Amino acid sequence: MGSSEAKARVGACYDERGQYDVAIEWHLRAAGDGIRNAKFNLGNTYMKLGDREAAGHWFAQAAEEGDDDAMQMVSGDCLAKGDIDQAVAWSTRAARLGNRLAQQSLPLLLQVQAGDTEVMYEIANGFYSKGKAQAASFWWGQATDFGHAESAFRLGELHQDAADFKTAMYWYQRSSLLGHPRGREMVVRMASGNRLL
């Protein structure tokens, strides 16, 4: 094993021990030597630290160099930002390289790209369950634009929970117009001053 690969292994060891600052130093050394896996590991380490911007930078670098796992991470980031075309492009590249997750998610991404509101709704729910309300809001909004009543209702709930009652009313009205069974009920409740679900 060459010294560059050794640097990457040392970084991985520190990463496993939760010593992320030291791990980053070693991953950076290995990445500087051109070790692609070190760039992916930097992305993972920064994700553990909650630094999505730095993680995205390193995943993108690894993806550009052909790392299929990094490509799938970049695809997920694009999806969270609402860029379905780039999400499909990165998942397609990863799937062609044999990435199982990409092979499983690509059909769903293609359905979203084709306007499948149920898949958009489920993607939004997935983001919401992971605490990513902004991404959830985007995909519920997209599904609503295609006529998905439950997505509009969920946006009403999201805004009501945030005490943004004017915006909640807007989304409940849209859900009502789209035929949601509780949409009209929420419009009446909110108009009467009862803002509780």
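Evaluate the following for Asp15: is it more than 24 Å from Gln86 (Cβ to Cβ), crowded, with 19+ Cβ neighbours inside 10 Å and not β-branched (Val, Ile, Thr)?
On the way: more than 24 Å from Gln86 (Cβ to Cβ): yes; crowded, with 19+ Cβ neighbours inside 10 Å: yes; not β-branched (Val, Ile, Thr): yes.
So Asp15 passes the test.
Any chance the stretch 22-35 includes a residue that's surrounded by fewer than 19 Cβ atoms within 10 Å (Cβ to Cβ) and part of a loop (DSSP other than H, G, I, E, B)? Yes, the stretch 22-35 contains a residue that is surrounded by fewer than 19 Cβ atoms within 10 Å (Cβ to Cβ) and part of a loop (DSSP other than H, G, I, E, B). Of the residues Gly76, Gly82, Gly126, Gly147, only one is out of contact with any His (no Cβ under 9 Å at 6 or more places or on another chain), more than 30 Å from Glu64 (Cβ to Cβ) and not aliphatic (A, V, I, L, M); which? Just a single option satisfies the conditions, and that option is Gly147.
Being in contact with an Asp or Glu (Cβ under 6 Å, 6 or more places away or on another chain), buried (at least 16 other Cβ atoms within 10 Å of the Cβ) and modelled with pLDDT of 95 or more, is that true of even one residue in the stretch 73-80? Spell out the reasoning first.
Within the stretch 73-80, the subset in contact with an Asp or Glu (Cβ under 6 Å, 6 or more places away or on another chain) is none.
No, the conditions are met nowhere in the stretch 73-80.
Residues that are exposed (fewer than 14 other Cβ atoms within 10 Å of the Cβ) and among the hydroxyl-bearing types (Ser, Thr, Tyr) are absent from the stretch 97-118.
Somewhere in the stretch 36-47, is a residue outside any helix (DSSP H, G or I) and surrounded by fewer than 19 Cβ atoms within 10 Å (Cβ to Cβ)? No, the stretch 36-47 has no match at all. Restricting Leu155, Leu178 to residues that are under 24 Å from the mean Cα position of the chain (by Cα), closer than 22 Å to Trp139 by Cβ and surrounded by 15 or more Cβ atoms within 10 Å (Cβ to Cβ) narrows the list to Leu155.
Against the condition without any contact (Cβ under 8 Å) to a residue 24 or more places away in the chain, surrounded by 22 or more Cβ atoms within 10 Å (Cβ to Cβ) and either outside any helix (DSSP H, G or I) or among the hydroxyl-bearing types (Ser, Thr, Tyr) (or both), how does Ser91 come out, does it pass? Yes. Listed conditions (1) of a type in the set (Gly, Ala, Ser); (2) in a helix (DSSP H, G or I); (3) without any contact (Cβ under 8 Å) to a residue 12 or more places away in the chain are all met by Ala143, apart from (3). Listed conditions (1) more than 22 Å from Gly156 (Cα to Cα); (2) surrounded by fewer than 17 Cβ atoms within 10 Å (Cβ to Cβ); (3) among the charged types (D, E, K, R); (4) more than 13 Å from the chain's Cα centre (by Cα) are all met by Asp68, apart from (2).
The values are calculated or read from the model by the stated rules, or taken from the named source; none is laboratory data. What you are looking at is a predicted structure, and each value in this text was computed from that prediction instead of being measured. Cβ coordinates were reconstructed from backbone atoms using ideal geometry, including for glycine residues, and neighbour counts include every protein chain displayed.
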